[in-house]
1. Looking at the structure I just gave you, is Phe216 within 14 Å of Ala11 (Cβ to Cβ), in contact (Cβ under 8 Å) with a residue 24 or more places away in the chain and of a type in the set (Phe, Trp, Tyr)?
2. Report, by residue number, each residue of segment 127-146 that is of a type in the set (A, V, I, L, M, F, W, C), surrounded by fewer than 14 Cβ atoms within 10 Å (Cβ to Cβ) and in a helix (DSSP H, G or I).
3. Got a sec? Which of Ser137, Ser70, Ser111, Ser101 is polar (S, T, N, Q), farther than 30 Å from Ala172 by Cα and out of contact with any strand residue (DSSP E or B) (no Cβ under 6 Å at 6 or more places or on another chain)?
4. Using the structure shown, decide if Thr10 is out of contact with any His (no Cβ under 8 Å at 6 or more places or on another chain), of a type in the set (S, T, N, Q), surrounded by fewer than 19 Cβ atoms within 10 Å (Cβ to Cβ) and assigned to a helix (DSSP H, G or I).
5. Restricting attention to segment 137-156, does a residue exist that is in contact (Cβ under 8 Å) with a residue 60 or more places away in the chain and farther than 24 Å from His40 by Cβ?
6. Does Phe215 satisfy the criteria of being within 26 Å of Leu58 (Cβ to Cβ), aromatic (Phe, Trp, Tyr) and assigned to a helix (DSSP H, G or I)?
7. Using the structure shown, decide if Leu54 is crowded, with 17+ Cβ neighbours inside 10 Å and either in contact with a Gly (Cβ under 9 Å, 6 or more places away or on another chain) or within 27 Å of Gly163 (Cα to Cα) (or both).
Amino acid sequence: MFEFTSAEYTAILLSLKVATAATLSSLPFGFLAAYLMTYHRFPGKIILDVLINLPLTLPPVVIGYILLISLGQNGFIGRYVLQPLDMEILFTWKAAVIATSVVGFPLLVRSIRIGMEAITPSLIQTSRTLGAGWFDSMVSVILPLSLRGIIAGSVLMFARGLGEFGATVIVAGNIPGITQTIPLAIYDYANSPGGERMAIALCIVSVIISIGVLFFHEYLSKNMTRAD
């Protein structure tokens with residue numbers, strides 16, 4: 001049996017914390033982005049679509065370096081947003097959340113868009129005919145009917161967050177007990193003499209968590225299908 005120390009337990013809990021925070025904080029923005037891309041036409045829509053999906057094609061290390069520059073003292077966000085608020089983001093768990101959010105955001109938006117595009121347009125038109133405004137239609141019609149896409153996107157983003165490495169190590173570092181998540185801990189153990197056993201143990205934990213997330217997704221999907 002594997003015996004974990006407090007460092008490994010901290011890495012496991014931090015991975016869950018970062019993935020959960022990234023998913024929940026990204027949900028409102030992901031829903032809004034999917035709504036705009038599905039139901040609205042506006043100048044620069046193609047550019048916005050490219051920007052949203054860009055993290056899918058960029059290496060995570062590149063994303064991490066861009067965030068490092070942006071959030072640093074000389075970066076735009078760091079100088080004009082974080083410094084006036086006296087906030088420290090880099091090399092904290094919050095930086096890991098930001099990196100995970102950026103990397104997983106396209107998966108979230110894409111899944112929600114698929115859910116929205118499956119909605120029958122006549123249902124939305126009927127709600128508008130009955131006097132519902134765009135916000136009422138979004139809340140009472142679009143949001144409930146795209147719930148499957150929201151759940152699917154959230155699960156994908158959460159799972160992606162559990163495995164995030166490249167962007168996280170750049171902006172958050174690999175500080176045991178502070179920013180070290182499961183992938184970072186595995187990297188440390190894999191490059192340390194005699195660390196193979198603990199690396200395997202953390203890999204097993206990661207697989208178990210991922211399988212649990214997928215089973216949870218299937219459970220929700222089946223229940224929603226039965227409810228329909």
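The values are calculated or read from the model by the stated rules, or taken from the named source; none is laboratory data. Being a predicted model, the structure only gives us computed values, none of them experimental. Note that we place each Cβ from the backbone using ideal geometry, even for glycine, and neighbour counts take in every protein chain shown.
1. Judged against the criteria, Phe216 is not a match.
2. Phe135, Val139
3. Answer to the selection: Ser137.
4. yes
5. yes
6. no
7. no
Here is a yes/no grid of residues against (1) touching a residue at least 60 places away in the same chain (Cβ under 8 Å); (2) over 30 Å from Ile124 (Cα atoms):
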site	(1), (2)
Ala11	yes, yes
Pro28	no, no
Phe31	yes, no
Thr38	yes, no
Thr57	no, yes
Pro60	yes, yes
Ile69	no, yes
Ile77	no, yes
